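Heads up: the structure comes next, in structure tokens.
Taken together, the values in this text are just the output of simple stated rules run on the coordinates, not laboratory data. Because the structure is a prediction, the values reported are computed rather than measured. Don't worry about glycine lacking a Cβ; one is built from the backbone with ideal geometry, like all the others, and counts go over all protein chains shown.
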Amino acid sequence: MTGIVFDITEFAVHDGPGLRTTVFLKGCPLRCAWCHNPEGLTAEPQILRSAAGERLAGRIYEAGELAALLARQADLLRGSGGGVTFSGGEPLAQAAFVSEVIDRLGDTHVVLDTSGQAEAEAFERLASRCGLVYFDVKLIDAEHHRQWTGVDNAAILANLARLPALGVPFVIRVPLVPTVTDMPANLAAIAQLAAGLPGLLRVDLLPYNRAAGGKYPACGLEFAPHYPEEQPVNANTSAFEALGVPVRVT
């Protein structure tokens with residue numbers, strides 16, 4: 001079993017509890033207008049070209065090879081209350097590969113950082129092997145979701161609804177994008193969705209990444225957000241607090 005990884009970040013502190021090694025998988029079914037990892041969109045390895053030169057984004061690993069690499073720091077990560085996080089791109093796009101890697105990691109704590117866009121079988125297969133799921137919820141309105149990400153959110157919301165039955169604790173994460181995801185009506189709808197979900201630890205409101213467009217030229221892509229990128233985001237938590245939903249602005 002092989003998979004394609006475009007980056008591995010060691011000693012990460014924002015991708016789950018404790019110190020973590022974060023593995024970024026190639027390939028994503030979404031095309032979010034604000035994506036800050038455009039080198040993770042395509043499934044194949046690609047050459048990035050910039051003023052600093054060329055570099056390859058995407059290396060093929062065998063499952064055992066990647067597990068062995070991650071295991072080298074397992075004791076240190078466990079000692080900090082940390083572990084391994086699989087992100088992307090979209091790790092669900094390589095669910096079979098990631099599942100096999102996790103099966104070789106023993107008792108290492110694993111976080112799945114996902115958009116939730118996948119068939120139910122792939123989602124359940126991977127999420128059930130993890131100790132924690134970071135689940136992105138961007139937009140509740142299906143047409144708005146399609147407009148800004150390229151797909152509707154039917155599969156995403158269905159997989160979110162499956163999480164409580166899997167018994168895996170999870171965090172809903174909302175990337176705040178000015179005039180898109182941060183609108184009061186959207187935040188209120190997310191709060192309604194989150195209220196009372198068994199297993200939900202909290203909702204994280206994530207800041208907008210104004211450096212998102214910097215990688216696009218190296219990928220041969222144009223960054224065209226079509227929203228007021230410099231406008232401060234609305235990080236009002238009142239809709240969540242009114243429903244008793246734990247919420248954090250990161």
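The string of couplings for the range 163-169 from the Karplus curve (6.51, -1.76, 1.60, θ = phi - 60°) is 4, x, 5, 7, x, 9, x Hz, one whole number per residue in order, with x for Gly and Pro. Centroid-to-centroid, using Cα positions, the range 10-33 and the range 73-136 are 10 Å apart.
Each Lys and Arg Cβ is given +1 and each Asp and Glu Cβ -1; about its Cα centre, the range 46-195 then shows a dipole of about 300 debye.
Could you calculate the FRET efficiency of residue 31 with residue 202 from 1/(1 + (r/R0)^6), where r is the beta carbon distance between them and R0 is 25 Å, rounded to 0.05? With R0 = 25 Å, the Cβ-Cβ based efficiency is 0.35. Projected label points at residue 216 and residue 55, each 7 Å from Cα along the beta carbon direction, are separated by 2.1 nanometres.
Of the residues 138, 26, the one with the fewest other Cβ atoms within 10 Å heads the list, and the complete ranking is 138, 26.
Between residue 209 and residue 62, the simple label model (points 7 Å from Cα in the Cβ direction) yields a spacing of 3.2 nm.
Over all other residues within a Cβ to Cβ distance under 15 Å of residue 105, the charged ones net out to -1, with Lys and Arg as +1 and Asp and Glu as -1. In whole percents, the pair-distance distribution calculated for the range 74-181 from its alpha-carbon pairs, binned every 10 Å from zero, is 14, 46, 29, 10, 1. Computed over the chain, the per-residue total of -39500 (n - 2.57) for DSSP H runs of n ≥ 4 gives a 222 nm mean residue ellipticity of -7500 deg cm²/dmol, rounded to 500. Using R0 = 25 Å, the C-beta based FRET efficiency linking residue 14 and residue 231 works out to 0.60. Computed from label points 7 Å out along Cα-Cβ, the spacing between residue 76 and residue 249 is 3.5 nm.
On the basis of the beta-carbon distance and an R0 of 22 Å, residue 147 and residue 242 show a calculated FRET efficiency of 0.20. Over the C-alpha trace of the range 2-249, radius of gyration and Dmax come out as 17.7, 51 angstrom.
Could you work out which residue, out of 154, 52, 120, moves most in a Gaussian network model of the chain, that is, has the largest mean-square fluctuation with Cα springs under 10 Å? Looking only at 154, 52, 120, the largest GNM fluctuation is found for 52.
Each residue of the range 179-189 is assigned a 3J(HN,Hα), and the resulting list reads 6, 10, 8, 8, 5, x, 5, 5, 5, 5, 5 Hz, derived from the Karplus form 6.51 cos²θ - 1.76 cosθ + 1.60 (θ = phi - 60°), x at Gly and Pro. Largest GNM mean-square fluctuation among 179, 85, 108, using the chain with Cα springs under 10 Å: 179.
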